[in-house]
Amino acid sequence: MRCLLRDDGDGPRNREWRYREPRVTVRGDVVTVDYEALAWVEQNRGFQVGPWWIDVDPAGEQWAVRLAPPKALDKAKWGQIEVKLHGLEAHDINPKVASADSDRLVWFDPKPLRVQVYVDPPWQRSFNVGERWGSLGWAGVASWWVFTWALIVLAVHHAARSQPPLASGPQGRSVLARVVMLWVALSAVVAVALHLAMSYPDVLGASWRYAITIALGLVLVLVAQPWCHIAPLPAAQRPGADRGPVGDGGERRRVCAVTVAASIVALFCLLLVVALPRSQATTPHLVGHALLSLATLWLWFAAMAAWAWRFAREGELVPRSWNAAWERAPVRCTAVVGSLLAAAVVALFASSWWTRERQWRRAFWLVDPSGTERAVQRMRFMKEFAYIGLAWVYAYAWLLAGIALVALLHLRVKERRARSDDVNHGVSLGPAGLDLFLMVAIFALAVGLRQVEFAGSNVLFGLWILMMVASLHAVVAAGRRVSVLGRTGEQFCSRRLGTRRRRNQLLVKAHEFRNLHHQIYSLDRGRGEGGLKREELEARLDGLHQWLYAGWGKGRPPAQISVLDAALSWGPGQDWWDNARHAARLAFWFGLPASAALVWVAYLGDARVRMSTFQSPNGLMEIAAKFGAWQVAWAGAGLVLGALWRLLPGRRSPVRALSLTAAYAIPICVGALIAQITDTELGYVFLHVALMLLVLTLTSIWMDMETFSEERRFWPSRVGLLLSVYQLRGLSTQVAYLAAQLAIVVGVWRSLAGSDSRPK
């Protein structure tokens, strides 16, 4: 293989990829070698693939393909050489070809050193090559940060100024708002500092890079102040003497536990920076650099965990048992969390080490069989691992923004519930004003950005947020006019649904409505002997309609809206936040198989995808991270579905799920159009949309069962309750609807699984 594919002076080939090892077949005195390799033209400089050399001009507009076999084959006899063009325009072909068409060029008995072809790629391909596209990508990422920060700042600023907080908790919302604003400012500084440290390593020097990175991590941990909590615990949850005003023993222990742990790790890192030389690659120095990278990355993991805990705790999202455990035993909790973070850092290191070894074997194959360069490559990996890990970790900082927005929304809901003068909260159809803005921001950050991995979407990151915000606002605006409760109005809801007693009365009437319809259905099929006549049943149904709209006072009431429609449109919760929490939990569990399917097709589906995954620095950890990110996306979509349950268009719940999926899919259509223009692959976005619709549809159906959960004792199973809620004819429609969605998902899945997909 070395004689066939490499010269003596060849170096590593980082851009050459192989799906499999060469296949050697011996038949008599003929030896056949099948060697397949590929590379992506992403940079405007030359590179080798097998015996071929590809030159790219600085503008990326003309590619030269030359056959350059190793010297060992100088005297070899070449029977046939073939170049497949796949429709590309070729010119300056040398020597003259024996056969040519739009798909391939063929030479017989050529001199291989003379074979060359100049190719003019489409403008989309040439535009993607070089620094221009990379600069636009960075600009797109920067725009994402700018738009995200602007969205959060607007939400927090208006949330802090709207409606004075309750006297019982005067600092809760304002403190959380200040903490979030502080995080926005710090994250901006950190993003710029990390970009400079990673983009200009020679300017800062290795020691200063590490010093700045360690200092930033320690500052993030201490400024987060995870020991602080303004909202007091309930009396039953207070662990006695450990809980008191700021400055008592419990508070000091919490401060010391976090500060000492973070400071010890930071001091250990700085000592290693001073002690370790830069030029040696012996085993002790490799171990030292590995410890330095692990400790630095642990510090940043701790910073992310500290901010997440602070947001969740100030927003009263933390379970009471966790809160009580932290108040009672802060040292033990810090040790447990630190151990979990250490395990995550070690797992990331092991994953990166394994993939880096695979990369070395791929690039140095046939070039360094003795492994003399491996020590140098390992030392380079040890020095760069911390920054590779930091970039990966910081890419998921959007989770902190999502937690902060949910926490802020939760505090506003709790304050409104406790406010005695807010009489409309219980009958509110959904979030409005700032609450709606917060919900839309959660949708854009936690849900919308999960499917932007196509069509050069880095350039569109900032615009993507605006498109998500606009599409959801459009769906909500339409729902306020055409939804069941939107057409009836909040006055109607106050009269029929304002209290628990009135809501229970509506549920009883809805139960009677279903029974009457079932009796009419039985009469139509000759199974209603001994019961009421059809005229009497219809009269009772008319009475239910008159009861629903008694005192309507707005002209003729909607004839097609029944007591069952009103009950299903209200949902199982007392207010829209209860519906949001119900739907978020349901969507999270229904999304588990969908997340597994997306992770499989994106990272493990075929040979090319697996090759890219297992040679990516964070490939294995990315699988787990993407699975978690998709679970957050399903839960976020469920949260928005439940919050907007009473405002989304549609009389039946699956139609509400379809409405929200439409808001999710509108930006995808824009992206698909851009993909067509730029001639790039769509990836798996249509599978994303199909699974989103399926998860939300299942969530909506389960929400309907939760609405009539008090009738669960009358039925032997949930299926029986579902039969009763939708009635036989309605259920058959829902089953057919779900079957159609499953068929679409399976069809898209088979289409993706049956074709080679480009690694991402």
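See the values below:
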item	result
Residue-span extension gain [L399 to T32] - 0.36 nm each, minus C-alpha spacing	126.8 nm
Table column - 3J(HN,Hα) (Hz), segment 667-672, Karplus curve with 6.51, -1.76, 1.60, x for Gly and Pro	x, 5, 5, 4, x, 5
Vicinal HN-Hα couplings computed from phi for segment 354-366 (Karplus, 6.51 cos²θ - 1.76 cosθ + 1.60; Hz; Gly/Pro x)	4, 5, 5, 5, 5, 5, 4, 5, 5, 6, 9, 4, 6
Rounded accessible area of T488 (nearest 10 Å², 1.4 Å probe)	10 Å²
Heavy atoms of I212 accessible to a 1.4 Å probe, total area in Å² rounded to 10	60 Å²
For segment 630-642, Karplus couplings with θ = phi - 60° (6.51, -1.76, 1.60), whole Hz, Gly/Pro x	5, 5, 4, 5, 5, 4, x, 5, x, 4, 5, 4, x
Accessible heavy-atom area order of V33, V26, highest first, probe of 1.4 Å	V26, V33
Mean Cβ neighbour count within 10 Å, used as a protection proxy, ranking 616-624, 7-15 highest first	616-624, 7-15
Rg/Rh ratio calculated on Cα atoms of segment 298-350 (Kirkwood radius)	1.02
Simple spin-label estimate for V482 and R332 in nanometres, 7 Å along Cα-Cβ	5.8 nm
Under-5 Å amide H pairs with V49, H placed in peptide plane, nonlocal only	I54
Accessible-area order (highest first, 1.4 angstrom probe) of the listed residues R104, R45, R416	R45, R104, R416
With all protein chains modelled, accessible area of E710 [1.4 Å, Å²]	100 Å²
Largest to smallest accessible area among L222, L286, L348 [probe 1.4 Å]	L222, L286, L348
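The values are calculated or read from the model by the stated rules, or taken from the named source; none is laboratory data. No experiment lies behind these values; they were computed from the predicted model shown. Because the Cβ atoms are built from the backbone with ideal geometry, glycine has one as well, and the counts that use them run over all protein chains shown. Each accessible area value is taken on the protein alone, full model and side chains, heavy atoms only, with ligands, DNA and RNA left out. Shrake-Rupley method; radii C 1.70, N 1.55, O 1.52, S 1.80 Å.
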